[in-house]
Structure formats: C-alpha cells, structure tokens
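The values are calculated or read from the model by the stated rules, or taken from the named source; none is laboratory data. Remember, predicted model here, so these are calculated numbers, not experimental data. Ideal geometry is used to build each Cβ from the backbone, glycine not excepted, and the neighbour counts take in all protein chains shown. We work out accessible area using only protein heavy atoms, side chains counted, and drop any ligands, DNA or RNA first. Shrake-Rupley method; radii C 1.70, N 1.55, O 1.52, S 1.80 Å.
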Amino acid sequence: MKKDNFFGNCLEYYKLIAKHSFSFLLMFVFILAGFDAPAQNSTSLVPKDTAIVYDEIHIQVLLMEYKSFYIDVLYTNTGLLYINIEDLFKFLNINCRSYKQGEHLNGFIENESRTYEIDYTAKQIMVGDKLFNSPNSLIKEMGVLYIESSSLSKAFGISMTLNYRSLVIQLKSNFELPIIKQQRIEKLRNNIAKLNGETITDTTIVRNYHLLKLGTIDWTLGSSQASNTIGQNNFGLGLGTELLYGETDISMNYYTGQKLNNSQLNYLWRWVDNDKSIIKQATIGRISPQAISSINSPVVGAEIRNSPTLARKATGYYIIHEITKPNWIVELYINNVLVNFTKADASGLFIFKVPIVYGYTILKLKFYGPLGEDHVNERTINVPYTIMPTKKLEYSLSAAIVQDNNLNRFLKSEFNYGINTILTFGGGFEYLSSNFNNSVIPYAKASLQPINQLTCYGEYVYGVRSRILLNYYFLKDNLLEIDYTKYKEGQLVTYNHSLEERKMKVSFPFRFKNISGNGLTEFTQYVYKTFTYNQENSSLSFNYRQMSTNLSTQLNFINSQLLNTITNLSLSYRLSNGFSLTPAVQYNVGVNKFVVYKITTEKRIPFGLISILYQNNNMDNDQLIALSFRYDLPFAKTNGTTSFYNGNVSISESAQGSLAFKENKKGLYINNNPAVSKGGIALYPFLDLNQNGVFDSNEHIVMINSPKILGGQPIFSKKDSIIRIPNLIEFSNYIIEFSDDNLENITWRFKNKKYQVLIDPNQFKRIDIPIISVGEVNGMVFLNQENSTKGIGRILVKFYTKSNSKVVAEVLSESDGYFSYMGLHQGDYFASIDSTQLSNLDLTTNPLKMEFSIKMLEEGDIVGDLNFVLVKKK
C-alpha cells in the first residue's frame with residue numbers, strides 16, 4: 001500500500017513537472033545561450049516529435065531612435081516567437097482595425113496606398129498585391145491575435161531580434177515607422193520653435209511688473225600695498241532693484257587717493273516687454289550706442305527700440321577670436337542671452353563660432369579668471385551683420401549727452417527691413433555736435449545671404465567710409481573672411497587715419513582621433529599716404545586629453561621691410577592630482593634668442609586654488625615671482641597675491657559677494673557671485689490637497705531633489721525647504737523640468753512637469769509648484785466556465801469619469817486575473833470591461849460597470865475589490 005502511494009505521488013509529481021517543464025526549459029535556454037540570434041532563425045532544442053508548447057512573456061522591445069516599450073509575446077519550445085500584432089501596431093502607430101469578430105485585421109502601412117489585411121480564418125496575409133500563406137504563423141489565444149516573427153518580417157519588413165541574454169527584443173524596419181516619423185516631425189517643430197523664441201511647455205510663467213521692489217546688492221573690497229609706495233584701497237557697491245516697472249541699476253567704484261568722477265558712477269533704468277509691438281525696449285541712463293563716431297567719454301541719455309531681447313537664430317555664422325589670459329573662461333552673450341562659453345588655451349587664445357541672429361544684436365564677452373576674477377572685463381562688440389525676416393521692420397532711436405568737457409549732443413536713428421529671405425536693407429543717420437565739419441552723418445547698409453555658407457555686408461557712411469565684408473564657409477567649418485574698408489581722406493569722425501584697411505582671415509578647425517585643434521591665420525594691411533603697414537598673425541592650437549598647446553607667430557613690416565618676428569610657444573598640462581603646469585617661451589627672430597621664459601603652477605583645492613608664477617625677461621633683465629591664493633566662502637570670494645619684482649614686494653587682497661532680498665521678505669540671501677542685473681527663481685513645491693493650484697494655508701511644502709534647469713544651479717535650503725536658483729540672466733526664458741521619480745511618495749505626481757519662466761530683474765521670483773496625490777484602484781477579472789471560476793489575463797479594464805463617461809485610463813489584467821492602476825485624480829469614476837474585446841471573445845460581464853470614488857487623502861486613496869465575472873454568451 002505504501003508502495004502504491006509512493007508511485008502515485010511520484011506520478012503526480014512528474015505530471016506537475018511536465019505541466020511547467022517549458023518554463024524551466026526556457027530559463028535553461030536563456031542561461032546557456034551565449035549569443036544574440038534572430039528569433040525566426042533560432043534552432044530548437046526540442047526534438048521534432050515533441051509537442052509544441054509555449055509560455056507567455058511580457059518582454060521589453062527596443063526601438064532605434066525611440067524609447068522602449070513592453071509587449072506580450074509567446075515563445076515556443078521550438079524557438080519560435082509570436083508577437084501580439086494589435087499591441088505592436090498600436091505602439092508603432094500603424095493604422096489597424098479589427099472586424100469580423102476579431103478574426104480579421106486591416107489598415108495601411110508606410111503610406112495609405114500600401115494596404116494590408118490579415119485573415120486569421122484563412123491563415124493569409126495580403127500586403128499590397130502580395131499574398132503570404134501562413135498556416136502556422138497566425139494563431140489566436142484567448143481572443144488575442146499573434147503573428148510569428150519571421151512572417152512579420154517577410155510580409156511587413158519589421159524584424160524583431162531576441163537577445164536571449166537580456167530578454168530584450170531589438171526592433172528594426174526597412175521603412176520609416178509612423179512613431180519615428182512623428183518623433184522626427186515633433187523634433188523639427190521644436191527646433192523651429194526654439195529658433196523663433198518659442199518653447200513647448202506645460203506652463204508658462206510670464207514677467208511680473210512692480211512699481212517698486214527691493215532687489216540686490218553687490219559689494220567688492222580691495223587693498224594693495226607695495227614697497228616704497230603708498231598703499232591703495234578700493235570699494236565698490238552696486239544696487240539693483242525694480243522701479244517704475246523697469247530694471248534699475250546703480251553702481252559706484254571708489255579708489256582712495258582719487259576724486260570721485262563720472263567714470264566711477266554708473267546708472268541705468270531699463271524696461272523690457274517682448275510682447276509689445278511698437279516699443280519693446282526702453283533705456284534711460286548710461287547707454288552704449290553702437291556709434292560710428294569715436295567717443296571716449298560716457299554717454300548718458302535715452303534709447304527706445306522695437307527689437308526683442310531674445311536671440312532669434314537666423315542662418316549663417318561668423319568667427320571672433322581674441323586674446324585673454326591663459327586658461328580663463330570666456331562667456332559669449334547675444335542680447336544678454338548666454339549662448340556659448342569656452343576656455344582660453346595655454347596662450348590665452350579663444351575662438352567663438354557666433355550664430356547670426358535676426359534683428360539688432362548686442363554681442364558681449366565676459367571673462368572669468370581661475371583666481372575668481374569675475375567681471376574683470378565686459379566687452380561689447382559691434383556686430384556687422386543685421387539680418388531681418390521677410391517684410392519685418394525694426395528701428396532704434398537714441399538721444400544722449402556725451403559727458404565730456406563740452407557736453408556734446410548725440411543723436412542716432414536706425415532702421416532695418418527684410419526685403420526677402422536673402423536681402424536685408426538698413427540705414428539711418430547719426431548726429432554728434434563735436435563733429436564740426438560733418439555733424440550729421442547719413443548712412444546705408446545691406447546684408448546679403450545668397451547661400452547659407454556665404455554672408456555679404458556692404459556699408460556706406462557719407463563723408464567717412466565705405467566697407468565690404470565677405471564671410472564664406474568652405475569644407476564645412478573652414479572660414480574665409482575678407483574685410484575691406486576705404487576711408488575718406490581727412491575725415492575726423494573716427495580715430496583711424498589710414499586711407500584703407502585690408503584684412504583677410506582663414507580659420508580651419510580640425511579633429512583627428514583624440515586630437516582636436518584650430519588653425520588660424522590673419523593678414524592685416526593699413527595703407528597710409530607715404531607707407532603701408534602690414535601685420536601677419538598665425539597660430540596653431542592642439543588639444544589632447546589633459547594637454548593644450550599653442551604655437552603662434554607674429555610678423556610686422558612696413559612696405560617690404562621686416563620690422564620684427566616673434567614666436568610664442570605655450571603648453572598647459574593638467575595632472576591627475578589637481579596640479580596643472582603652464583610653461584611658455586617667446587622667441588624673437590630679430591635678436592635670435594629666447595627673450596621671455598614663464599611657467600605657472602596651479603593646485604586646485606576644495607573651494608579654492610593656489611598658483612605660483614615665475615617669469616624671466618632677458619631683454620629687460622626682469623624677474624617676477626608671484627604667489628596667489630583663492631578661496632571661496634559661502635558669502636564671498638577671496639583672493640590674495642604676493643609678488644616679488646626686481647627686489648620690490650607688492651601685496652594685494654580682495655573680496656567680493658552679494659546680498660539679495662528673499663522672495664518671502666524674510667531675510668537676505670547671501671552669495672559669493674554678483675547679483676545685480678541678474679535674477680533668480682524660488683521654487684515652492686507643495687502638496688495641493690484640494691487640487692486648485694493655489695498654495696493654501698492648510699497645505700505644506702514637499703521636499704524634492706534638484707530639478708533640471710539649463711543654465712542654473714538649484715540650491716536647496718534646509719532651513720525653509722525652498723529651492724532657490726540664483727545668477728540667472730534677466731528677461732530671459734528658462735526651462736525647468738520635474739520628474740515624479742524625485743518625489744518621496746509613490747502616490748504623488750507633479751501637476752505640471754515642464755515650466756517656462758521669464759526672469760524678473762534683481763529679485764527672486766516665487767513659483768508655486770503644485771503636487772497632487774493620486775489614487776489607486778485594483779480588482780480581479782474571473783472567467784466562469786463549466787461551473788468553475790478562475791482568474792483570466794489579458795482582459796482590458798477601462799476607467800471612465802462618471803460625469804461625462806470619458807476614458808481616463810486603462811489596464812490589462814495579469815495572468816491570474818488581478819489588475820491594478822495608480823494615477824487617478826480626486827473624483828467619481830466607473831470601471832468596465834472593454835466592450836470590443838468582450839464581443840471578440842463572445843463573452844459578457846457581470847456587473848457591466850462598477851462605480852467608485854477617489855477621495856482627497858494626503859497619502860493617496862486606495863479602492864479595491866472591483867471584481868468582474870466573465871461568462872459565455874448563451
């Protein structure tokens with residue numbers, strides 16, 4: 001008896017193993033497989049006489065150039081892969097319609113003329129005029145239509161390759177899938193929107209205007225002492241606020257031993273509204289007009305224009321290259337918008353590829369030294385090219401007083417009009433009372449872009465000059481620039497006394513494996529009455545991993561007589577331990593010897609830098625040793641330097657920082673970066689319990705991780721749990737993105753995930769970020785068959801709003817019949833089984849629908865026991 005029980009138990013045990021043998025076999029195959037192979041060509045590990053069985057797998061599909069998605073497949077013990085065709089076409093946005101009780105699918109693929117029909121009754125696939133007989137490739141399981149992957153590839157050109165190791169399917173097609181096409185078009189639209197100054201976001205936060213609002217304070221302190229001389233101290237103070245709905249900035253720099261004069265005081269009121277049509281900008285105070293006349297004294301007056309502050313990208317580029325100090329960071333601003341930054345090489349050379357933008361353009365460079373020398377130099381560059389959209393007119397009017405001894409008057413009026421897509425015409429006049437012989441100066445100009453690679457500019461200034469500028473890109477990024485200017489003899493409007501200026505510049509960037517660099521050669525010729533002065537500059541820069549090298553040569557000669565030739569070689573190398581070495585030498589061909597030796601050693605430390613410089617000038621017999629130290633405190637950047645020069649000792653110390661009034665008027669925000677003429681954002685993420693979008697008194701702040709923002713650094717305050725983002729460019733748009741993954745509770749969701757914020761000047765702008773709590777609903781789907789009830793998978797459950805019966809979500813039941821969905825907002829709903837699927841399966845459900853409500857709870861509401869029973873129709 002015991003024997004019979006033993007063998008009976010063994011028999012039941014082996015039956016159980018046989019029932020689930022394929023699951024173990026599939027796992028074994030995946031572990032042993034050591035290569036990726038197409039599913040349709042896989043070799044079966046099961047003998048031919050073995051019955052075909054399969055397992056249902058929820059597997060990830062990777063689509064090139066698109067995000068992944070999950071789909072249900074059947075994998076057989078013979079190595080065949082069957083795909084849920086309806087779900088696949090749905091994810092790929094391929095037109096698909098089911099009819100004849102779910103036994104037929106039809107639609108079109110690639111284009112409307114290429115139609116298809118899949119007949120699961122006749123086991124046939126018709127694509128266009130081609131017929132594919134697929135007796136074993138089309139199967140229907142529990143109302144779901146599957147197609148074998150090799151037939152999918154032959155009929156539709158969609159191949160699906162299974163990676164056994166990672167359980168991932170790689171999907172490719174021989175035509176552009178609709179989902180890829182849609183993504184490409186969307187990306188193109190986004191790029192066009194960006195070029196036009198537009199951005200697609202969930203929420204747009206516009207500019208707030210204030211009659212008066214306290215703002216920001218910048219301060220600087222400096223002192224210097226030297227042997228055998230009197231020490232000097234300096235103090236700088238800048239105030240930034242909003243007054244009469246405009247930015248107001250006042251700054252003063254005072255040096256001991258000097259009288260306070262106009263050059264030490266700056267003041268500016270600036271109003272901006274890019275949504276206006278007639279006047280978009282108005283400025284009063286110390287202005288910077290792009291004057292034709294040479295003006296050395298400050299200019300105080302008013303200026304209005306109808307051009308926006310946004311940088312609207314046109315076509316074409318041009319190159320600017322200049323010299324600063326080695327390893328300095330240089331930022332490029334177009335209309336006060338940061339568009340690019342770079343680091344000067346070992347010789348101090350930096351190059352920018354500047355995009356040509358529509359309308360009036362202010363090009364500004366800001367320089368930042370490794371020892372914390374912020375805002376050491378801020379340079380405005382005249383932009384020669386003015387490109388306008390077709391049939392668009394922009395103007396500017398300026399009226400000012402020159403703060404010289406005679407208080408000369410200055411006026412300027414200018415317009416630019418886009419005649420068509422390739423030609424922009426402009427002109428105007430300038431008046432300066434100090435130009436006695438030529439006080440009124442009319443001028444005309446034109447910009448022509450016959451092709452994207454070529455930009456031409458012509459200018460005629462009456463009684464002053466004529467100019468032609470050509471900018472041509474060849475072989476992709478190589479630039480040829482020709483600049484010719486002819487001055488009227490005897491003109492006194494500008495300080496240039498040559499008759500002609502001839503310039504030619506060639507720039508050729510290159511890259512070879514890990515080596516990148518730039519070659520540059522420039523020839524300049526100034527023609528005078530009795531002689532011609534020539535200058536030629538050539539440089540070659542290399543960058544290889546941590547090493548930067550620059551070799552430059554300068555030649556000067558008058559007529560054909562060579563004056564001197566100087567060659568500079570600089571090298572900068574960054575070591576892994578925070579050290580960097582920058583040796584440099586200068587060779588003078590005229591005296592046939594090295595005239596200058598210089599080496600700089602830097603060591604980066606946390607929040608600071610230590611630098612040692614040694615320089616030897618053989619021509620003057622001078623030696624210099626300098627030791628510098630920089631340390632950044634939370635409230636100030638400090639710097640100290642000690643120099644030994646020919647037996648003399650000099651010491652200098654400096655510190656700078658800023659204060660800003662907080663948006664909640666509860667104290668000051670202290671920072672070590674300048675704050676005047678900038679703005680900030682204060683983010684208040686809160687749990688919006690009543691979902692009205694307003695931060696009510698009974699709601700609280702939610703702590704989140706740093707959001708994503710391009711061009712800003714979020715700083716979290718432990719004291720008040722507020723995220724502040726300082727040092728943002730005023731009147732500019734910033735994009736802030738949030739992710740639900742950063743929330744500590746899985747039931748919380750950001751109401752809006754992408755914000756576009758226009759920065760207000762000299763203040764922190766408060767933005768409330770509502771976070772809502774969502775509900776979860778779950779239940780079971782049972783199949784009542786032959787007096788037995790069991791859970792059933794792959795049944796589509798839909799959720800509707802009770803008020804208007806609108807579908808808000810849907811979910812498929814799992815293999816045991818369980819379903820769950822999280823993400824429903826507060827409100828009344830009802831759930832029901834998809835009627836189309838019920839019809840295809842010839843089933844009915846009890847009940848037809850189930851009503852439920854999601855309540856307002858901080859931790860999220862949970863509704864369960866939504867159970868449906870499916871039965872066969874009688």
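Values computed for the structure shown
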read-out: FRET E, pair residue 592, residue 488, Förster distance 51 Å, beta-carbon r, rounded to 0.05; value: 0.70
read-out: Sequence-separation-based contact order of the stretch 749-874, relative, with Cα cut under 8 Å and 6+ spacing, percent; value: 29 percent
read-out: Proximal aspartates and glutamates relative to residue 503, as straight alpha-carbon distance under 14 Å, when same-chain residues fewer than 8 apart are discounted; value: 481, 483, 522, 536
read-out: Radius of gyration and Dmax over the Cα atoms of the stretch 98-173, both given in Å; value: 13.3, 40
read-out: Cα shape, the stretch 457-517, gyration tensor, a/c 1.5 rule; value: prolate
read-out: Relative contact order [Cα under 8 Å, 6+ residues apart], the stretch 58-161, whole percent; value: 18 percent
read-out: Rounded, prolate or oblate (a/c below 1.5 giving rounded, otherwise prolate when a/b exceeds b/c) for the stretch 210-348 by Cα gyration tensor; value: oblate
read-out: Residue 287 accessible area, assembled protein chains, probe 1.4 Å, Å²; value: 10 Å²
read-out: Set of lysines with alpha-carbon distance to residue 598 below 16 Å, sequence-local pairs under 8 removed; value: 325
read-out: Accessible heavy-atom area order of 755, 460, 267, highest first, probe of 1.4 Å; value: 460, 267, 755
read-out: The stretch 483-571 shape via C-alpha gyration tensor axes, a/c threshold 1.5; value: prolate
read-out: Whole-number percent relative contact order across the chain, with pairs defined as alpha carbons under 8 Å at least 6 apart; value: 7 percent
read-out: Helical contribution to [θ] at 222 nm, DSSP H n ≥ 4, -39,500 (n - 2.57), averaged over the chain, rounded to 500; value: -2500 deg cm²/dmol
read-out: Cα gyration tensor of the stretch 393-472 - equivalent ellipsoid semi-axes, whole Å, descending; value: 30, 14, 10
read-out: Debye-sum result for the stretch 653-787 in log10 I(q)/I(0), which assumes one identical scatterer on each alpha carbon, at q = 0.15 Å⁻¹; value: -0.77
read-out: Residue-span extension gain [residue 302 to residue 521] - 0.36 nm each, minus C-alpha spacing; value: 74.7 nm
read-out: Gained length - residue 341 relative to residue 576, 0.36 nm times residue gap less alpha-carbon distance; value: 82.2 nm
read-out: Accessible area per residue in Å² at 1.4 Å probe, computed on the stretch 74-180; value: 44 Å²
read-out: For the stretch 481-513 and the stretch 196-273, distance of Cα centres in Å; value: 35 Å
read-out: Gap separating the Cα centres of the stretch 675-743 and the stretch 567-604, nearest whole Å; value: 46 Å
read-out: Most positive-pole-ward Cα, 177, 474, 576, against dipole of the chain from beta carbon charges; value: 474
read-out: In nm, spacing of pseudo-spin labels at residue 390 and residue 751 (7 Å Cα→C-beta vector); value: 4.3 nm
read-out: Tail fraction, Cα-Cα pairs, the stretch 737-807, threshold 20 Å, whole percent; value: 63 percent
read-out: Heavy atoms of residue 622: accessible area, 1.4 Å probe, square angstrom to 10; value: 30 Å²
read-out: Where labels lie 7 Å past Cα in the beta-carbon direction, separation of residue 115 and residue 214 in nm; value: 7.5 nm
read-out: Residue pairs, from the table 90/123; 343/488; 718/802; 213/708; 343/662, whose Cα atoms sit over 31 Å apart; value: 343/488; 718/802; 343/662
read-out: Per-bin percent of Cα-Cα distances, the chain [10 Å]; value: 2, 8, 14, 17, 17, 13, 11, 8, 5, 2, 1, 0, 0, 0
read-out: Surface accessible to a 1.4 Å probe, residue 780 within the full protein complex, Å²; value: 40 Å²
read-out: Largest-first ordering by accessible area, 1.4 Å probe, given options 54, 368; value: 54, 368
read-out: Probe 1.4 Å, protein heavy atoms only - accessible area per residue of the stretch 230-305 in square angstrom; value: 54 Å²
read-out: Whole-percent carbon and sulfur share, accessible surface of the chain, 1.4 Å; value: 56 percent
read-out: Dipole moment magnitude, nearest 20 debye, the chain about Cα centre, only Lys, Arg, Asp, Glu C-beta charged; value: 1400 debye
